[in-house]
Amino acid sequence: MAVQPEGTPCWADAMFADVEGAKSFYGDVLGWTFGGSASEFGDYTQAYADGKAAAAVVPPMPGAEGQSAWCLYLASPDAAATAAKVRASGGEVLMEPMKVGEFGTMALARDPGGAVFGIWQAGSHEGFETEMGAPGGYCWGEVFTRDPEKVDTFYPSVFPYTLRKFDDETMDFSMFDVQGKTVLGRMAMGDDFPPEVPSYLNVYFAVPDCDAAVAKATERGGVLRYGPVDSPFGRFAALSDPQGASFTVIDVTTTEGEMPATSPAT
């Protein structure tokens, strides 16, 4: 896959104290296989869906042990310039741009609502090789936030996004577009989210059968958080893996209902 337009989700990874356990779990649930670990890059281990790069798992860096979580990276032609925009727009740079061998340059940031995301300036590693909607591959990402107004201002000031919103006022949902293509969503967190759940970027992985994936995940110690539920975009369910990392599975071939109407944000 070629380098993605600026602001497009291009990679996902997660730190796990038990990497072998994570590999076993996601291998069962998403059908992933794994390459060898790169010791010079902290035992970073790439996951593959049908032989194509889909994501990666890695043990925590010393001093960074904590709750496991998926990190979604947004494409940047210049990670240092993007980090500067993050600061200027009210966000926080958690990890300064760092060159990762010939693969590219990464940085970590936090938006004003508290959600953490990655920045990736591609070198030889351009990101996801999987096709959108292909089983086991990345499919969609959403910023879950308690501060939607700040977030809706922040992301288009950092990336070349245009903002659209659902016309249905009962759901506070925005979409960020790049070059006429919707690349990321934003969902306001309501009272149905426990107060201890922080803002986060939710990563969706495609599966051929949502219910089968949920059954396998819960059988392997995962926790069902929401769903399965049908939507115009596919049948999906929100899960947490046995180490606490949240993710969503979606079967894009099983849809129900009409696509929601949207309008450009004013």
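The values are calculated or read from the model by the stated rules, or taken from the named source; none is laboratory data. Here the structure is a predicted model, which is why all the values come from computation and not from measurement. Counting neighbours? That spans all protein chains shown, and the Cβs are built from the backbone with ideal geometry, glycine included. The protein model used for the area step is the full one, side chains on, heavy atoms only, and it has no ligands, DNA or RNA in it. Shrake-Rupley method; radii C 1.70, N 1.55, O 1.52, S 1.80 Å.
When the chain is described by a simple charge dipole with +1 on each Lys and Arg Cβ and -1 on each Asp and Glu Cβ, the residue from Ala238, His125, Ala84 located farthest towards its positive end is Ala84.
Around the Cα centre of region 76-125, unit charges on the Cβ atoms of Lys, Arg, Asp and Glu (plus for the first two, minus for the last two) sum to a dipole of about 80 debye. Taking every protein chain into account, the accessible area of region 28-141 amounts to 44 square angstrom per residue (probe 1.4 Å).
Only Cα pairs under 8 Å and at least 6 apart count here; give the relative contact order of the chain as a rounded whole percent.
Computed over the chain, the figure is 18 percent.
What number, in percent, do you get for the relative contact order of region 95-228 if the mean sequence gap of Cα pairs under 8 Å and at least 6 apart is divided by its residue count?
24 percent
Enter the Cα centre distance for the pair region 102-173 and region 1-28, rounded to the nearest angstrom. Centre-to-centre (Cα) distance: 14 Å.
When the GluC sites (Glu not before Pro) in region 168-266 are filtered for DSSP coil states and for at most 12 other beta-carbon atoms within 10 Å of their beta-carbon, the remaining sites are Glu169, Glu196, Glu256, Glu258. Taking amide H as placed 1.01 Å from N in the peptide plane, Gly234 has its amide H under 5 Å from the amide H of Glu256, each at least 5 places away in sequence or on another chain. Summed over qualifying helices (DSSP H, 4 residues or more, each -39500 (n - 2.57)) and divided by its residue number, the chain shows a 222 nm mean residue ellipticity of -5000 deg cm²/dmol.
When only the Cβ of Lys, Arg, Asp and Glu is charged (+1, +1, -1, -1), the dipole of the chain relative to its Cα centre reaches about 460 debye.
Measuring between their Cα centroids, region 227-266 and region 72-96 lie 27 Å from each other. Under the combined filter of DSSP loop state and at most 15 neighbouring Cβ atoms within 10 Å, region 29-121 retains these GluC sites (Glu not before Pro): Glu65, Glu102. Shape of region 151-266 from the C-alpha gyration tensor: prolate (a/c of 1.5 or more and a/b above b/c, with a ≥ b ≥ c the square roots of its eigenvalues). Dipole magnitude for region 155-266: about 440 debye, using +1 per Lys or Arg Cβ and -1 per Asp or Glu Cβ, origin at the Cα centre.
Anisotropy class assigned to the chain is rounded, per the alpha carbon gyration tensor with a/c under the 1.5 cut-off. Remark: the Cα gyration tensor places region 1-127 in the prolate category, a/c being 1.5 or greater and a/b exceeding b/c.
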